[in-house]
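What follows is a set of notes on a single structure, which appears directly below.
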Amino acid sequence: LQRHSPSGATPRILVGLILFLCFSAAINALEYQLGQGVQLGPVNVGGYLDVIGKGPREGNAEIELDDLSFFISGRFNRWLQPFVEVEYAAQILWKENHGAFSPNESKWLLERAYNDLSITPDWRLRLGKMLSPVGQWNLIHAAPLVMTTIRPLTTFRNFSIFASGLSFLGGSNNNLSLYYQPWGELAPLPRRMAPIRYREVVGGRYVFGDAFDRWLGISIQAAKLDTKNFWQTLFSLDGSFKWKRLGLEFQTTYNHLYTDSARFRHINEWGAYLQTTFSLHPHWSLVARAEGFRDRDKRRTHTNQVVGVVFHPHPAVKWKLEYLWTQGPELGLSEGVFGSIAVLF
Amino acid sequence: MRRILIFAFLFLHLHSGWCETLLVIAHPEVGIDKLDQQQLKNIYLLKQNSWPDGTPVIPLNLPATSKQRSLFFEKVLKLDMQTAANIWLQMHYRGRQPPHVVSSPQTAVTFTSRVKGAISYIPAGIETPGVKVVARFQLENNQ
C-alpha cells in the first residue's frame, strides 16, 4: 500500500520532472539542423527516409519505402564511441494490380554496429560491423547523399559491402583504412538481397585528396566466399572531380576469382561507371551516367545508362526523377522511369 | 585642427572597411594551448576527432544566420558554408557528429566551459570565464 501512496509517488514524479526538464534543456541548448540528427548530450540520433516510385517498361508500377533508417552515435570518451544503424527496408506501399500494402519481404536490417577507440588523435580502431571501404559510393550510399535512385552495379555487386571485424582508420588526413573480417558476416542481409556471403574478408583503401570535392581512391579487397570455398581479389579505383558547375565521378573494379574456370563463364569480372552532374541552379541539377558490368555468370557484358534531374531544396533533401536504359543480360535492373524522395534527418 | 583629425580618422576608418576579431575558445582541460588554421579546419571538418589525451573533440557552431559563423568559415577556414554543410551530412552518415549549434556566443562560452573537449569561436569582447583562448583572428575586409 505504501508503494502506491501519494507520498511514495511524489518523489518519483519530481525526479521524473527534473529529468524531463534537464532533457528539455539539453535539447533546447543545441539547435536542431535538418540532416545532422538530434543531439542529446553525447548521443546523436539521426537517420534517413527514401521512398521510391518505379515505372518499369515491363512489369507493375509500384511505390516502395526503400529505406527507413535510424542511426545512433555516442561519443563518451576515447574508448567508447559506439555507432548503430538499423533500417526497415523494401516495404511496398502500393503496387499496380495489387493495391496498397501488399504482402512482401520487407525486413528490419542491421546495417552497422561498431565501436571506435581513439588510439591517437589521428588513428582509430573500429570493432564491429561496418561498411567496407570499397569506393566512396559504398561508404556514403544513403539515398539523400547520392544523385540517382538507381545505384550503379559497380558499387556493390559481387564483393563484400560489409566487414565484420576490426579496422584501423586514420592517417595524417584521415585517408587510410585497413580492415579484417576473420569470420562470417554479423547479421548478414537476406539471401535475396545479397546472394553471395563471405567468410573471411581483408582489405584496405587509400584516398588521395580531400575526399569531398576532388579525390582519387584506391581500394583492394580479398574475400573468401562462404559456400564455394575459394578466394576472390577485387581492385577498385574511384574518383571525383568538380569544376564550377560540372561534376564528374567514376568507379572501376576488377575482380579475379581464384577457382576453376569451368565453374563460371568468367574468372575475371569487371565493372565501370562514369557519372556527370551539371548544376542548373543552386537547387536543380542534371545527372547522366553510363555503366558497363561483366558478370562472372553472364556471357555478355551488361550496360546501362541513366539520365535524370534532381531537385535539392536543402542539402539534406533530394527529389530525383530519372530514366534507365539497359542492354545485355539482366542483372537486377529494370528499364524504365524511376523517381524518389529522400530526406536525411 | 581637431576637426581635421576627426575627419582623417573617419576617412581612414571608412576606407579600410570593417575589422572584427574572432576568438577560438576551448575547455581549459584540452591538452593544447594554441591551434592554427589547418588544425581548426581538421576539427570543423570532423577529421580530427580527439584531443591529444584522447578526449573527444566537440566543436560548436553559432547559428547559420550568424555573421561570426560566415566570417569564421569564409575568412578563417577558407570554406564556403554550402560545402561545409554537405561535408557534415556525409560525415554524419559515416558516424561522426556534426558541430553542435548553439544559440549565441554566450551559450558557446557556457557550453565550452562546462563540457570537456568542447571548442568554439566567438567574437572578441565577450567575457570568457572558464575557457581558454587557443587562437585569435583579426579579420579585415579591404573592399
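The values are calculated or read from the model by the stated rules, or taken from the named source; none is laboratory data. Everything numeric here is computed off the predicted structure, so don't read it as measured data. Heads up, the Cβs are rebuilt from the backbone with ideal geometry, glycines too, and the neighbour counts pull from every protein chain shown.
For the range A:130-176, the set of residues classified as out of contact with any Lys or Arg (no Cβ under 6 Å at 6 or more places or on another chain) and in a helix (DSSP H, G or I) consists of A:GLN136, A:TRP137, A:ASN138, A:LEU139, A:ALA143, A:LEU145, A:LEU153, A:THR154, A:THR155, listed by residue number.
Inside the range A:200-217, residues that are touching a Lys or Arg at 6+ places or on another chain (Cβ under 7 Å) and either of a type in the set (Asp, Glu) or surrounded by fewer than 16 Cβ atoms within 10 Å (Cβ to Cβ) (or both) make up a count of 3. Of all the listed residues (A:VAL287, A:VAL310), the sole one being farther than 17 Å from A:TRP137 by Cα and under 21 Å from the mean Cα position of the chain (by Cα) is A:VAL310.
Every residue in the range A:197-212 that is of a type outside the set (A, V, I, L, M, F, W, C) and away from chain B (no Cβ under 14 Å), please.
First, pick out the residues of the range A:197-212 that are of a type outside the set (A, V, I, L, M, F, W, C): A:197-200, A:203-206, A:209-210.
The answer is A:ARG197, A:TYR198, A:ARG199, A:GLU200, A:GLY203, A:GLY204, A:TYR206.
Tally the residues that are of a type outside the set (D, E, K, R) and away from chain A (no Cβ under 14 Å), restricting the search to the range B:100-133. Please lay out each step first, then the result.
If we filter the range B:100-133 for residues that are of a type outside the set (D, E, K, R), which is where we start, we get B:100-113, B:115, B:117-126, B:128-131, B:133.
Within this subset, residues satisfying the condition of being away from chain A (no Cβ under 14 Å) are B:121-126, B:128-131, B:133.
Of the residues in the range B:100-133, 11 are of a type outside the set (D, E, K, R) and away from chain A (no Cβ under 14 Å).
Taking the listed residues A:VAL310, A:VAL287, the one that is more than 14 Å from chain B (Cβ to nearest Cβ), surrounded by 15 or more Cβ atoms within 10 Å (Cβ to Cβ) and of a type in the set (A, V, I, L, M) is A:VAL287, with no other qualifying.
Scanning the range B:80-99 for residues that are crowded, with 18+ Cβ neighbours inside 10 Å, assigned to a loop (DSSP other than H, G, I, E, B) and more than 8 Å from chain A (Cβ to nearest Cβ) returns a single hit, B:PRO99. Just the residues that are among the aromatic types (Phe, Trp, Tyr) and not in a loop (DSSP other than H, G, I, E, B), please, taken from the range A:213-253. The answer is A:TRP215, A:TRP231, A:PHE235, A:PHE241, A:TRP243, A:PHE250. Taken over the range B:56-79, the criterion of being assigned to a strand (DSSP E or B) and within 7 Å of chain A (Cβ to nearest Cβ) is satisfied by B:PRO56 alone. Just one of the listed residues (A:LEU21, A:LEU80) is at pLDDT 90 or above and either under 30 Å from B:ILE58 (Cα atoms) or hydroxyl-bearing (Ser, Thr, Tyr) (or both), namely A:LEU80.
Taking the stated definitions as given, is B:ILE25 part of a helix (DSSP H, G or I), under 26 Å from A:LEU117 (Cα atoms), modelled with pLDDT of 85 or more and under 13 Å from the mean Cα position of the chain (by Cα)? Steps first, answer last, please.
Values: part of a helix (DSSP H, G or I): no; under 26 Å from A:LEU117 (Cα atoms): yes; modelled with pLDDT of 85 or more: yes; under 13 Å from the mean Cα position of the chain (by Cα): yes.
Judged against the criteria, B:ILE25 is not a match.
Against the conditions (1) over 23 Å from A:LEU333 (Cα atoms); (2) of a type outside the set (S, T, N, Q); (3) away from every other protein chain (no Cβ under 11 Å); (4) part of a strand (DSSP E or B), A:LEU93 satisfies every one except (1). All of A:ILE161, A:ILE140, A:ILE150 fail the test of being within 14 Å of chain B (Cβ to nearest Cβ), of a type in the set (Val, Ile, Thr) and under 30 Å from A:GLU335 (Cα atoms), apart from A:ILE140.
With respect to being over 29 Å from A:LEU248 (Cβ atoms) and buried (at least 18 other Cβ atoms within 10 Å of the Cβ), A:GLU96 falls outside the description.
Checking each residue in the range B:76-123 for being farther than 27 Å from A:ASP116 by Cβ and either of a type in the set (Val, Ile, Thr) or in contact with an Asp or Glu (Cβ under 9 Å, 6 or more places away or on another chain) (or both) picks out B:VAL76, B:ASP80, B:MET81, B:SER103, B:GLN106, B:THR107, B:VAL109, B:THR110, B:ILE122, B:PRO123.
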